[in-house]
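Q: Dropping a structure here in structure tokens format, bear with me for questions.
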Amino acid sequence: MFQPTDHSVDLSEEEFRLLRDLVHERFGLHFEDNQRGSLRARLSARLASLDLGSFEEYYHYLRFGPQRAEELQRMVTHLTNNETYFYREMPQLQVFAETVLRSIKEGKSEGADRTLRLLSAGCSTGEEAYTLAMMVYDSGQFFWSWDVQVIGMDVDQVAVDKARRGTYHQNSFRGLSPTLIERHFVRTGTGAAQVKEPIRRMVSVRSGNIVEPESYEGLPPLDVIFCRNVLIYFSDAMILKVVRLFHDALRPGGYLFLGHAESLSRITDLFTPIRFQGAMIYRKATPEAAPGHP
């Protein structure tokens with residue numbers, strides 16, 4: 001049986017171009033010309049698993065193989081960076097907790113709408129989605145008649161399955177205070193801790209590809225979207241495509257949070273940037289603020 005190793009199969013320029021374009025088309029991830037070695041290293045194990053002798057064979061398998069859908073799912077696990085942890089990038093989270101939640105609550109106080117809908121897009125293993133639920137819970141603003149739903153969405157099925165379990169180890173808790181751990185987690189006795197039931201009930205996790213419009217079907221109109229440290233791996237054209245999908249999914253006046261190193265300034269003016277100390281967020285226009293409105 002042929003067993004290629006990381007050093008036995010070369011990735012030619014043409015093979016790199018084919019695979020890079022396929023990855024970009026399906027998942028939005030963009031590999032620069034100088035990242036050929038990185039793509040080769042990430043995917044060599046898949047050739048070994050499938051007993052394929054070249055990256056060209058692997059490309060044809062992904063395009064035309066009878067199990068191409070399953071292999072695309074396996075492949076993306078090797079391409080995505082699932083580095084995340086609870087309460088990451090606190091300056092933004094403080095704006096969310098102290099300003100955005102209050103603004104949403106006040107904006108809906110005059111009407112009958114008592115829903116709060118949040119999306120963690122590219123949620124990885126779920127730490128961000130559960131963090132948002134914990135912050136909503138701790139704000140004390142959305143009890144009684146309020147219906148709160150935090151939705152996590154990720155293309156990596158392995159990460160989605162872990163997020164649904166809601167059980168985490170020490171690496172996910174870096175910098176998290178013992179008070180918060182005690183408040184929101186139950187120790188499992190194996191060195192891990194599981195998110196407590198009141199928070200887990202607020203969160204649902206689904207498989208979805210943020211670059212595909214069909215992944216947003218069935219979602220309720222959203223008040224807030226978090227998509228942090230995902231778009232840094234995308235081309236400008238793909239960022240624009242994704243941001244347009246976010247814009248369509250948000251309610252008028254809804255908020256978009258990107259990573260601190262991500263900016264829409266040279267991509268689109270669909271959203272209004274709002275600056276805070278140590279944080280930038282984006283807001284979709286309300287009808288009365290739309291261009292040309294009297």
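The values are calculated or read from the model by the stated rules, or taken from the named source; none is laboratory data. Not measured: the values here are computed from a predicted model. Note that we place each Cβ from the backbone using ideal geometry, even for glycine, and neighbour counts take in every protein chain shown. The area values use the complete protein model at the heavy-atom level, side chains included, leaving out ligands, DNA and RNA. Shrake-Rupley method; radii C 1.70, N 1.55, O 1.52, S 1.80 Å.
Q: For the range 101-161, what is the charge dipole size about the Cα centre, in debye to the nearest 20, if Lys and Arg each add +1 at the Cβ and Asp and Glu each add -1 at the Cβ?
A: 340 debye
Q: Shifting gears a bit: For Lys196, which aspartates and glutamates qualify as cross-link partners when the Cα separation must be under 16 Å and same-chain residues fewer than eight apart are set aside?
A: Glu127, Glu128, Asp138, Glu182
Q: What does the charge dipole of the range 143-294 about its Cα centre add up to, to the nearest 20 debye, if the Cβ of each Lys and Arg holds +1 and the Cβ of each Asp and Glu holds -1?
A: Charge dipole of the range 143-294: 540 debye, to the nearest 20.
Q: Another question, then. Between the range 130-147 and the range 44-121, what is the C-alpha centre distance in whole Å?
A: Between the Cα centres of the range 130-147 and the range 44-121 lies a distance of 23 Å.
Q: Rounded, prolate or oblate: which fits the range 85-148 when a ≥ b ≥ c are the square roots of the eigenvalues of the alpha-carbon gyration tensor, with rounded for a/c under 1.5 and prolate only if a/b beats b/c?
A: prolate
Q: Give me Rg over Rh for the range 57-123, both radii from the alpha carbons and Rh done the Kirkwood way, two decimal places.
A: With Rh from the inverse mean 1/r over Cα pairs, Rg/Rh is 1.27.
Q: Given a 1.4 Å probe and every protein chain left where it sits, what share in percent of the accessible area of the chain is carbon and sulfur?
A: 50 percent
Q: On to the next question. Give me the number: length gained by fully extending Glu13 to Glu182, i.e. 0.36 nm times residue separation minus the C-alpha to C-alpha distance, one decimal in nm.
A: 55.6 nm
Q: Computed over the Cα atoms, what is the radius of gyration of the chain divided by 2.2 N^0.38 Å, N being its residue count?
A: Normalised Cα radius of gyration, the chain: 1.09.
Q: Which FRET efficiency value, to the nearest 0.05, is calculated for Phe64 and Thr268 with the Förster distance at 30 angstrom and r the Cβ-Cβ distance?
A: The computed FRET efficiency comes out at 0.25.
Q: Ranked from highest to lowest mean number of other Cβ atoms within 10 Å per residue, what is the order of the peptides 270-276, 24-30?
A: 24-30, 270-276
Q: Pop the C-beta distance of Ala285 and Asp113 into the FRET formula with R0 = 22 Å and round what comes out to the nearest 0.05.
A: Computed FRET efficiency for Ala285 and Asp113 comes out at 0.75.
Q: Please calculate how many Å² of accessible area the chain carries per residue, with a 1.4 Å probe and no DNA, RNA or ligand atoms counted.
A: Accessible area per residue, the chain: 50 Å².
Q: How would the range 155-253 be classified by its alpha-carbon gyration tensor: rounded, prolate or oblate, with rounded meaning a/c under 1.5 and the a/b versus b/c comparison settling the rest?
A: Note, shape of the range 155-253 comes out prolate.
Q: Here is a further query. Calculated from DSSP H runs of 4 or more alone, at -39500 (n - 2.57) each and per residue, what is the 222 nm mean residue ellipticity of the chain, nearest 500?
A: Calculated from helices alone, the mean residue ellipticity at 222 nm is -11500 deg cm²/dmol.
Q: Going toward the positive end of the dipole of the chain, with +1 on Lys and Arg Cβ and -1 on Asp and Glu Cβ, which of Ser54, Gly218, Leu240 do you reach last?
A: In the chain, that residue is Gly218.
Q: For the chain, what is the charge dipole size about the Cα centre, in debye to the nearest 20, if Lys and Arg each add +1 at the Cβ and Asp and Glu each add -1 at the Cβ?
A: So the magnitude is around 960 debye.
Q: Let me ask you something else. Could you give the length gained on full extension between Gln194 and Gln73, defined as 0.36 nm per residue of separation minus the Cα-Cα distance, in nm?
A: Fully extending the segment from Gln194 to Gln73 adds 40.9 nm.
Q: Could I have the simple spin-label model distance between Asn81 and Asp236, label points 7 Å from Cα toward Cβ, reported in nm to one decimal?
A: Result for the modelled spin labels: 2.1 nm.
Q: Could you tell me which residue out of Leu43, Ala97, His78 lies farthest along the dipole of the range 1-102 toward its positive end? Charges go on the beta carbon: Lys and Arg +1, Asp and Glu -1, centred on the Cα centre.
A: Ala97
Q: Spin-label point model (7 Å from Cα, Cβ direction): what's the Phe143 to Asp33 distance in nm?
A: With each label placed 7 Å out from Cα toward Cβ, I get 6.0 nm.
Q: Still on this structure: How many nm is it between the label spots at Leu22 and Arg164, if each spot is 7 Å from the Cα in line with the beta carbon?
A: Reported label-point gap for Leu22 and Arg164 is 2.7 nm.
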